[in-house]
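The structure appears right after this line, and notes come after that.
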Amino acid sequence: MVKLGRWEFAFLILLLVLMGCSADDAMATSDAVKDAAPTPASEGIVSFVLQTDGVCGYRMLRPEEWEPSRQECRSFSLHSSAEDKLELTVINYQVTAQQIKDGIVVQYALFEEDSSLEGWAKNVEKSWSNIGIRFTLLNTPPQGKVYLLGIPASTNLEIVALLINQNQPLGLSLIASGSYANLERLQKDGLVDDFLTMLESVEAIPYDPQNLDPVIEE
């Protein structure tokens, strides 16, 4: 029996209801899909949007109003001030590795050594320890692990999730800077809950630069 997360269940029900809709119903369908997204727990996220991103090889709920950018792959950020910032980054390590001509993606190389969640996570943890990164396991959702990282000489707080979906390794991280860099505050404000909601929605999709919905303006 396949267990559906709450957002997946909502979209499944919506799909069953909307099957057979005509083109004239497109606008109503779009509004209904948006309404089906869960309500964010934090004030820092006004609403979620289901993002399909064939450039970076993922589909997930993400903060609709956060500013997008390209770094490792796709990032979305919220700036309260020059110092106070939240940055969410999602990456499909397999898709990223396939696009790199020179060099390697360390997390994907470690996944190739052991493609089980436990084995991959153990390899990543060892690589973190080797460069002085401290880590604490915060949560263990299905097919994933969520960590709090302590980066040497950094005042930022970083929450990182390792996730396997469709037999592909993905990563989701939230970097909190300035006044946001406090785990108790992030938990109290609901941002940790929202991070877990977004993590639950992540799925791997094939690389396809034309498959970008909604379109991301950078």
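The values are calculated or read from the model by the stated rules, or taken from the named source; none is laboratory data. Being a predicted model, the structure only gives us computed values, none of them experimental. No Cβ is skipped: glycine too gets one built from the backbone with ideal geometry, and neighbour counts run over all protein chains shown.
In the list S127, S154, S173, S116, which residue meets the criterion of being of a type in the set (S, T, N, Q) and at pLDDT below 95? Write out each step before concluding.
Values: S127 fails: at pLDDT below 95; S173 fails: at pLDDT below 95; S116 fails: at pLDDT below 95.
Step by step, each of S127, S154, S173, S116 is checked, and only S154 is of a type in the set (S, T, N, Q) and at pLDDT below 95.
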Could you please let me know if K85 is loosely packed, with under 15 Cβ neighbours inside 10 Å and among the basic types (K, R)?
-> no
List the strands (runs of 3 or more DSSP E) that sit entirely inside segment 31-107 and contain at least 1 residues that are closer than 22 Å to T155 by Cα and at pLDDT below 95.
-> 74-79
Single residue of I164, I205, I216 found to be closer than 26 Å to A82 by Cα and not charged (D, E, K, R) | I216
Which residues, taken from segment 145-159, are more than 16 Å from W120 (Cβ to Cβ) and of a type in the set (V, I, T)?
-> I151, T155, I159
